[in-house]
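Values quoted throughout were computed directly from the atomic coordinates according to the rules given, and no laboratory measurement underlies them. Since the model is a prediction, treat every value here as computed from it, not as a measurement. Glycine gets a Cβ as well: all are built from the backbone with ideal geometry, and neighbour counts include every protein chain shown.
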Amino acid sequence: MKKKSIFEKIAAAPYVFWASMFIIGPLLVVLYFAFTNPEGKFTFENILSLSAYSNTFGISLGFALIATVICLLIGYPLAYCMSRMSERARNILTVLLMLPMWISLLIRTYSLMALLDNGGLISTFLTNLGFSKLTFIGTEGAVILGMIYDFLPYMVLPIFTSMTKLDKRYVEAAADLGCNSRQILSKVIFPLTMPGVISGVTMVFVPSISTFYISQKLGGGVFDLLGDTIERQFQNAVTYHTGAAISLVMMILILISLAVMNKFSDSGEDIIV
């Protein structure tokens, strides 16, 4: 193995310092609080007490999975259509897709509230047409819609990148061998773009399971997700340890999910039949 030169070590020093201070350091702090009590003594009590939050874990996981699946069902066809467009149209759609990402999550969520609130624009419009008033804020659908709206670009862009790099000779060869459009999509295009799908699923699932602002505003405080619970625990110094334990378990769940997704991504080439 080639040893790094002095210049390479110096160039990597800022990254090592940043990772140590703002990634490894906070994780160690969470780990410390998760396994200590308010007196600083080692204990498993914080971890064992998490059984009381099993419903919160279930709701958060369910909402994140639903939002991720819907983003995939919307994002994959959209990325496929974008990859088959002219370069000019492709660039325009890419900018339009990324444009909401330039706006703060806070502002985007408030915009949805203005549209979907019980007295918002959509509800007022439907009422003027003679329909009943729309009651959407404070429902599961509102929270999931907020996740989809905010995180959909993170699904589309990795898949779109994979599709633009796809060697079209594979598609032509499949067509020459008698595959129809459905077979080409399922047996050639989808397996070859699996790395993009895995990246998109990861980039949507991770923020969805840990979000808290979307559920607070669009959920009307009805749904207590993991992010909301952690935020509330860290607002009180006495409950730091419980919040750290929840954060630790959530990080472990996310790491397990990433490992499983990477396993599928690594074996993506063997999926082709």
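Just add up the charged neighbours of L218: K/R +1, D/E -1, any other residue whose Cβ is under 15 Å from the Cβ of L218. Don't skip to the answer; put the middle values down first.
Values: positive: R108, K217; negative: D117, E140, D150, D224, D228.
In short, -3.
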Integer Hz, Karplus 6.51/-1.76/1.60 couplings in order for region 64-79, x for Gly and Pro: 5, 5, 4, 4, 5, 5, 5, 4, 5, 5, 7, x, 5, x, 5, 5
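For region 42-172, report the translational diffusion coefficient in µm²/s to the nearest whole number, using Stokes-Einstein at 37 °C, 0.692 mPa s, and a Kirkwood Rh over Cα pairs.
Numbers: Rh = 18.0 Å.
Estimated diffusion coefficient is 183 µm²/s.
Which GluC sites (Glu not before Pro) does region 5-65 hold that lie in a coil by DSSP with at most 15 other beta carbons within 10 Å?
Working: sites: E8, E39, E45; in loops: E39.
Of the GluC sites (Glu not before Pro), the ones in loops of region 5-65 whose Cβ has at most 15 other Cβ atoms within 10 Å are E39.
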Among E140, E172, E231, which one moves the most in a GNM of the chain with springs linking Cα atoms closer than 10 Å? E172
Neighbouring Cβ atoms within 10 Å as the yardstick, rank M21, M155, M101, M203 fewest first. M21, M101, M203, M155
Grab the other residues whose beta carbon is less than 15 angstrom from that of G146, score K and R as +1, D and E as -1, and report the net. -2
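Kirkwood hydrodynamic radius for region 54-271: how many Å is it when counted over pairs of different Cα atoms?
Numbers: mean 1/r = 0.0515 Å⁻¹.
19.4 Å is the Kirkwood radius here.
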Evaluate E = 1/(1 + (r/R0)^6) for S181 and A89, where r is the Cβ-Cβ distance and R0 equals 30 Å; express this FRET efficiency to the nearest 0.05. 0.90
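All other residues with a Cβ under 13 Å from the Cβ of M163 taken together, and with Lys, Arg as +1 and Asp, Glu as -1, what is their net charge?
On the way: positive: R84, R90, K165, K168; negative: D167.
Once all neighbours under 13 Å are counted, the net charge is +3.
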Which of G146, G62, G243 fluctuates most in a GNM of the chain (C-alpha springs under 10 Å)? That residue is G62
Distance from region 31-76 to region 123-169 (C-alpha centre basis), Å: 25 Å
Taking the chain as a Gaussian network, where each spring joins two C-alpha atoms under 10 Å apart, which residue of S162, S132, S54 fluctuates the most? S132
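How much mean residue ellipticity at 222 nm does the chain get from its helices, if each DSSP H run of length 4 or more adds -39500 (n - 2.57) and you divide by all residues, to the nearest 500 deg cm²/dmol? List each step's numbers first, then the result.
Values: 14 runs with 187 residues, N = 273.
My calculation for the chain gives -22000 deg cm²/dmol from helical runs alone.
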Taking placed amide H atoms and a strict 5 Å upper bound, the residues 5 or more places from T36 or on another chain that come that close are T43
